[in-house]
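In what follows, a single structure is set out as structure tokens and then discussed.
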Amino acid sequence: MGTHGWTIAIRDPRWVALGVLCVGMLMVVLDNTVVNVALPSIQSDLGFTHAGLAWVVNAYMIAFGGLLLLAGRLGDLIGSRRVFVTGLVIFTAASALCGLAWRADVLVAARFVQGLGGAMASSVILAMIVTTFEEARERARALGAFSFVASAGGSIGLLLGGAITQALSWHWAFLVNVPIGIAALFLARAYLKGGGGIGLRAGADVLGALSITASLMLAVYTVVASPDQAPGSPQTWILGGVALALFVAFLARQATAATPLLPLRLFRSRNLSGSNLLQALLVAGMFGFFFLDSLYLRRSLGYDAVHTGLAFLPVTVAIGALSLGWSARLAERFGPRTVILAGIALAVAGLGICALAPRGDYLTTIFPAMVLIGAGMGASFPSIMMFAMSDATADDSGVTSGVVNTTSNVGGAFGLAILATIPDAHVAFGAAAVLMALAGVVAATVLQPERLDANAEASSPAAA
């Protein structure tokens, strides 16, 4: 795209709105990795025990993962703009409280509220993008920007978290969100468009909301608490069983409710079901890679927080190079499913290097693996988002967006919990590669590119 094209895009208020949405998503994505880097300083300052320190992360993850689906549906019912702005207000206010926390319990409580705000803000972003950009080529570019923020934000957070913690203090890992959040709120009120939704009566399923929220929160709690339990402990099995029972009860409720929270008809779409499954597998593998490589850089190569963040820059650069431009062009030239398959192949090759090559210095093994994985994810994720949202209508785009975000969050948590229990790093990297290879099988056998093409033609100005 030439300079003239970018000038037109910048003058178009829709692209300013996209920038606001991406800033909101970036705040949410950055938060967890920034906080992870700051945990040692938080522990020494507030007197956390080792077990208690985990709840600085867990409290956020439980609220965030548990409320994504409900928040997405609320976007359909009362308006996505209203849910996004409310979530941004809660997230920004909770960030201020986290930064000013004077006791351990205050920080944990504020992190739970921060997770609630993060879930509300991020759950409807995809929905707002697909309803704002109806033309296929523009939508592909917009989804590329979203995918870059969602997938590369973690590695950016590693660098930012280390720099902030070392230069200032752990308090600023949270307080930095406050001015950014306030600026985003002013821009959101000016540039984000949105109606009032279809009304609460169209999906006010209170029992369904309670059961799915309790199920997801309990499932995430079971995953994040599992490292503190013995393998196969009764507590893990009992909590997991209750979470599963609540989920089954939710599905039964949705099949019979007059106004379901999550209309099960949505999953008749092979593109929605398939893209969510392959995304869960990909994110599980990617989270495992970040976790395992971070440990190796810190423990084996002796990198500090800032150098660890810098070491992950090749992933960020590769994701940006593909998702912000080339992915949409490649999808238009070769088809989105082909691009997904090629991207997955690159990522599997990168993980294969980690699994099979002797663990040496950074340049010989880690750097090429990061470039391959970053390029693979940057190529794949925009097209995956296109498939996931391809059949969404104005009335259910919010809940569809919530499903996509929930799948990513829960898939990453489960994948990390599984891979972190494998003692041998080579085997763990190999398991991550297998997860991504399975995603390739799903992409090849389930996704329907002809359905995506039909929807793109129907939404184009020429077709109208």
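Odds and ends about this structure:
To keep it simple, each residue is scored yes or no on (1) among the basic types (Lys, Arg); (2) modelled with pLDDT under 90.
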site: 79; (1), (2): no, yes
site: 82; (1), (2): yes, yes
site: 88; (1), (2): no, no
site: 95; (1), (2): no, no
site: 104; (1), (2): no, yes
site: 108; (1), (2): no, yes
site: 119; (1), (2): no, yes
site: 122; (1), (2): no, yes
site: 126; (1), (2): no, yes
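- Residue within segment 48-65 that is assigned to a loop (DSSP other than H, G, I, E, B) and without any contact (Cβ under 8 Å) to a residue 12 or more places away in the chain present: yes
- Flag if residue 86 is more than 23 Å from residue 386 (Cα to Cα) and either among the β-branched types (Val, Ile, Thr) or assigned by TED's automatic domain parsing to the domain that holds residue 68 (or both): yes
- With respect to the conditions (1) within 16 Å of the chain's Cα centre (by Cα); (2) closer than 21 Å to residue 173 by Cβ; (3) not aliphatic (A, V, I, L, M), residue 105 lacks only one, and its number is (1).
- Condition check for residue 148: crowded, with 24+ Cβ neighbours inside 10 Å and assigned by TED's automatic domain parsing to the domain that holds residue 407: yes
- Residues that are more than 30 Å from residue 336 (Cα to Cα), assigned to a helix (DSSP H, G or I) and out of contact with any helix residue (DSSP H, G or I) (no Cβ under 9 Å at 6 or more places or on another chain) within segment 253-271 comprise just one, 256.
- Test: residue 73 is assigned to a helix (DSSP H, G or I), farther than 20 Å from residue 183 by Cβ and of a type in the set (Lys, Arg): yes
- Residue within segment 299-310 that is assigned by TED's automatic domain parsing to the domain that holds residue 337, at pLDDT 80 or above, buried (at least 21 other Cβ atoms within 10 Å of the Cβ) and touching a Ser or Thr at 6+ places or on another chain (Cβ under 8 Å) present: no
- Yes/no for residue 370 being within 24 Å of residue 446 (Cα to Cα), buried (at least 24 other Cβ atoms within 10 Å of the Cβ), of a type outside the set (S, T, N, Q) and assigned by TED's automatic domain parsing to the domain that holds residue 33: no
- Residue 101 in a helix (DSSP H, G or I) and either touching a Ser or Thr at 6+ places or on another chain (Cβ under 9 Å) or small (Gly, Ala, Ser) (or both): no
The values are calculated or read from the model by the stated rules, or taken from the named source; none is laboratory data. Keep in mind it's a predicted model, so treat the numbers as computed, not measured. Every residue, glycine among them, receives a Cβ derived from its backbone with ideal geometry; neighbour counts consider all protein chains shown.
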